[in-house]
Amino acid sequence: MMAAEIRHNEPMSRHTSWRVGGPAETFFIPETVDELSSFLAELDAATPVFWHGVGSNLLVRDGGLPGVVVSATKMLRHLDRIDEYRVCAGAGVACTQLARQCIRWELGPSEFFAGIPGTVGGALAMNAGAHGGETWERVESVRTIDRSGLKRTRQPADYQVGYRSVQGPGNEWFLEATFRFDPDVKPSMDAMKAMLERRKTTQPLGLPSCGSVFRNPPGDYSARLIEAAGLKGHRIGGAEVSTKHANFIINRDQASASDIEELIEHVRQTVLEKHGVSLKHEVRIVGEAQA
């Protein structure tokens, strides 16, 4: 008997860091990978499936998500040391937790994971990075599950990895990763704390946001371009370009997803007109517009 939880018409605003988003038609919360595998194997092949972690880099439109949203919040929390230089981390482990534990184990470079505001699964999906480090630089292998519930082990060669970009086999989701660290690099708890303190002083962490909205273009910073375009503090509805960090859009006052998406597009168009640079989204935008 499954201990998994199934909810219907679940508001995605409860599950995204922006605190916006319409309902998921079905919201499935498995407690084990076996439960997930069985559920996927029995699911109608035509039903859309969306994999959800903590929603820290996600904008769900006001019309919500059809089909099934799989929430990994109750599973994939394991974090184990394999040997002298390798660890295995479940996709549900917070990147800050991974950083802290690797520092305790004196495995480096690992401090940069503390600058990633999501989970290992999300970091794998987008090659998240911070402070000069990137997730896939440390990946030795990953385990995945596909649309039919089949589990696989894959190597980095199975993926095309770039800056904030990962392309691999379709309809597969990350369950865990094995990370390898360097024998001659000792991490620093002080360095990690300094990174977190810098985040606190330079980013609007107390307000709903998704972190960086746009990728940095080659040789420049999105925040600099947005600020130079005079967009700090610009509002559409309840959404606002942060006055503290221009590459953050905050839910200032009961914003809708459409407010945020409209503001994202306004920022993109304005930067293109003023600087000739076409910014690319780092945030993932999914779902249907409000009917």
Exercise. Looking at region 153-175, which of the residues that are assigned to a loop (DSSP other than H, G, I, E, B) and touching a residue at least 40 places away in the same chain (Cβ under 8 Å) is surrounded by the most Cβ atoms within 10 Å (Cβ to Cβ)?
Worked result: Arg164
Problem set entry | Condition check for Arg86: on the phi < 0 side of the Ramachandran plot, in the same structural domain as Arg14 (by TED's automatic domain parsing) and of a type in the set (D, E, K, R) | no
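Residues that are part of a helix (DSSP H, G or I) and within 18 Å of Trp173 (Cβ to Cβ): does region 90-109 have at least one?
Our first condition is that a residue be part of a helix (DSSP H, G or I); within region 90-109, this holds for 95-104.
The next check asks that each one be within 18 Å of Trp173 (Cβ to Cβ); those that pass are 95.
Checking region 90-109: at least one residue is part of a helix (DSSP H, G or I) and within 18 Å of Trp173 (Cβ to Cβ).
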Problem set entry | Cβ-Cβ under 8 Å pairs, at least 6 apart or on other chains, region 247-265 side closer than 18 Å to Leu225 by Cβ, far side of a type in the set (D, E, K, R) and surrounded by fewer than 22 Cβ atoms within 10 Å (Cβ to Cβ) | Leu263/Arg235
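The rows are residues; the columns are (1) among the aliphatic types (A, V, I, L, M); (2) buried (at least 20 other Cβ atoms within 10 Å of the Cβ); (3) at pLDDT 95 or above.
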{"site": "Thr202", "(1), (2), (3)": "no, no, no"}
{"site": "Cys210", "(1), (2), (3)": "no, yes, no"}
{"site": "Tyr221", "(1), (2), (3)": "no, no, yes"}
{"site": "Ala246", "(1), (2), (3)": "yes, yes, yes"}
{"site": "Arg252", "(1), (2), (3)": "no, no, yes"}
{"site": "Ala255", "(1), (2), (3)": "yes, yes, yes"}
{"site": "Leu263", "(1), (2), (3)": "yes, yes, yes"}
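Yes/no matrix, rows are residues, columns are (1) in contact with a helix residue (DSSP H, G or I) (Cβ under 6 Å, 6 or more places away or on another chain); (2) hydrophobic (A, V, I, L, M, F, W, C):
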site: Ala114; (1), (2): yes, yes
site: Glu134; (1), (2): no, no
site: Arg164; (1), (2): yes, no
site: Glu172; (1), (2): no, no
Seminar exercise, completed: For region 196-222, the count of residues that are in a helix (DSSP H, G or I), in contact with a helix residue (DSSP H, G or I) (Cβ under 9 Å, 6 or more places away or on another chain) and not hydroxyl-bearing (Ser, Thr, Tyr) equals 3
Seminar exercise, completed: Exception for Thr178 within (1) among the polar types (S, T, N, Q); (2) in contact with a Cys (Cβ under 8 Å, 6 or more places away or on another chain); (3) loosely packed, with under 15 Cβ neighbours inside 10 Å falls at (3)
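What do you reckon, is Ala94 small (Gly, Ala, Ser), free of Cβ contacts under 8 Å to residues at least 60 places away in the same chain and in the same structural domain as Arg152 (by TED's automatic domain parsing)? Give the derivation first.
Numbers: small (Gly, Ala, Ser): yes; free of Cβ contacts under 8 Å to residues at least 60 places away in the same chain: yes; in the same structural domain as Arg152 (by TED's automatic domain parsing): yes.
Considered against the rule, which asks whether it is small (Gly, Ala, Ser), free of Cβ contacts under 8 Å to residues at least 60 places away in the same chain and in the same structural domain as Arg152 (by TED's automatic domain parsing), Ala94 comes out as yes.
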Exercise. Quick one: Lys186 ticks every box in (1) in a loop (DSSP other than H, G, I, E, B); (2) without any contact (Cβ under 8 Å) to a residue 24 or more places away in the chain; (3) among the charged types (D, E, K, R) bar one, so which box is it?
Worked result: (2)
Exercise. Can you find a residue in region 55-66 that is without any contact (Cβ under 8 Å) to a residue 24 or more places away in the chain and crowded, with 18+ Cβ neighbours inside 10 Å?
Worked result: no
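For region 124-137, how many residues meet the condition of being crowded, with 24+ Cβ neighbours inside 10 Å and modelled with pLDDT of 95 or more? Before you say what the answer is, go through the steps one by one.
Start the filter on region 124-137 by keeping residues that are crowded, with 24+ Cβ neighbours inside 10 Å, which leaves 124, 128, 135.
Within this subset, residues satisfying the condition of being modelled with pLDDT of 95 or more are 124, 135.
Total meeting the criteria: 2.
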Seminar exercise, completed: Checking Ser165, Ser148 in turn, the sole residue that is over 18 Å from the mean Cα position of the chain (by Cα), at pLDDT below 95 and of a type in the set (Ser, Thr, Tyr) turns out to be Ser148
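The values are calculated or read from the model by the stated rules, or taken from the named source; none is laboratory data. In this text the structure is predicted, and so the values were computed from the model without any measurement. Cβ: placed from backbone, ideal geometry, glycine included. Neighbour counts: every protein chain shown.
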